[in-house]
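Read-outs throughout are calculated quantities, based only on the coordinates presented, and are distinct from any laboratory measurement. All values reported here derive from a predicted model rather than from experimental measurement. Here Cβ is always computed from backbone atoms with ideal geometry, including for glycine, and neighbour counts include all displayed protein chains.
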Amino acid sequence: MTWAGRTRAALSNQTVFPPTESGSIKTWIGVGGSPESVIRAAHYGLPVMLAIIGGTPLAIIGGTPLAFAPLVDLYHRALAKFEKPTLPIGEHSPGYVAATDAEARDEMWPHYEAMQNRIGWERGWGPATRERFEQDASRDGAVFVGSPETVATKIATVVQGLGLSRFDLKYSIGALPHEKLMNSIELFGTEVSPLVREQLG
């Protein structure tokens with residue numbers, strides 16, 4: 001890599017580790033609800049990753065993922081205005097998968113609460129509540145938690161509703177025990193993903 005800027009010394013033919021098989025890394029711009037961020041991504045011709053994270057009373061960041069449809073539309077219009085090709089759109093949201101909805105919510109909640117309260121303290125949010133968590137964990141909420149069937153249906157709904165080409169599950173939840181995290185990842189790969197593909201046809 002060769003690069004020069006204002007924040008550090010210039011780089012001249014530096015090797016970046018780990019190297020990628022293709023020699024490049026696809027760059028996405030994360031947006032959390034700001035129209036300006038969406039327009040900026042379109043201006044530079046970069047795909048967007050919608051950060052729909054829940055856990056805050058701000059309607060832009062939490063709430064219903066399908067409420068992001070106006071931003072998706074704005075992104076498409078901005079790409080056309082800047083004469084850029086159609087680009088992929090993804091979503092990044094927190095979640096956790098267990099055998100049942102109740103088990104997943106009960107296992108996720110205390111770790112999610114601690115993580116949200118730590119982040120919220122830094123950002124000036126009020127304390128996390130179980131009531132808000134249950135709203136975010138509901139069928140229309142921003143947290144993808146539940147059984148494989150519940151999480152798969154929710155992902156498929158959002159992928160179809162927003163026209164997504166990618167969905168990233170943020171599966172790290174504070175101090176959740178490692179064995180539970182690994183079980184969630186296994187369920188996501190072996191049960192959720194096939195169900196999503198089946199539902200999307």
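Data table
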read-out: Nitroxide proxy distance, nm - points 7 Å out along Cα→Cβ at A80 and S22; value: 2.7 nm
read-out: Charge context of G90, other residues only, Cβ under 14 angstrom, K/R +1, D/E -1; value: +1
read-out: Under-5 Å amide H pairs with E91, H placed in peptide plane, nonlocal only; value: L50, R166, F167, D168
read-out: Cα centroid of the range 11-43 to Cα centroid of the range 69-87, whole Å; value: 18 Å
read-out: Neighbour net charge for W125 - beta-carbon separation under 14 angstrom, K R +1, D E -1; value: 0
read-out: Relative contact order (percent, whole number), the chain, Cα cutoff 8 Å, 6+ residue spacing; value: 21 percent
read-out: Residue-averaged 222 nm ellipticity for the chain, from DSSP H runs of 4+ at -39500 (n - 2.57), nearest 500; value: -13500 deg cm²/dmol
read-out: Restricting the range 100-201 to trypsin sites (Lys or Arg not before Pro) in coil, as DSSP defines it, with at most 11 other Cβ within 10 Å; value: R139
read-out: Given the chain, longest segment not containing exposed loop chymotrypsin sites (Phe, Trp or Tyr not before Pro) (DSSP; at most 15 other Cβ within 10 Å); value: 83-201
read-out: Vicinal HN-Hα couplings computed from phi for the range 155-160 (Karplus, 6.51 cos²θ - 1.76 cosθ + 1.60; Hz; Gly/Pro x); value: 4, 4, 4, 6, 4, 5
read-out: For the range 29-200, average projected area of the Cα convex hull in nm²; value: 9.5 nm²
read-out: Cβ-based net charge around V192, under 12 Å, with every Lys or Arg adding one and every Asp or Glu removing one; value: -2
read-out: Calculated FRET efficiency for the pair E103/E131, C-beta based, R₀ 22 Å, to 0.05; value: 0.70
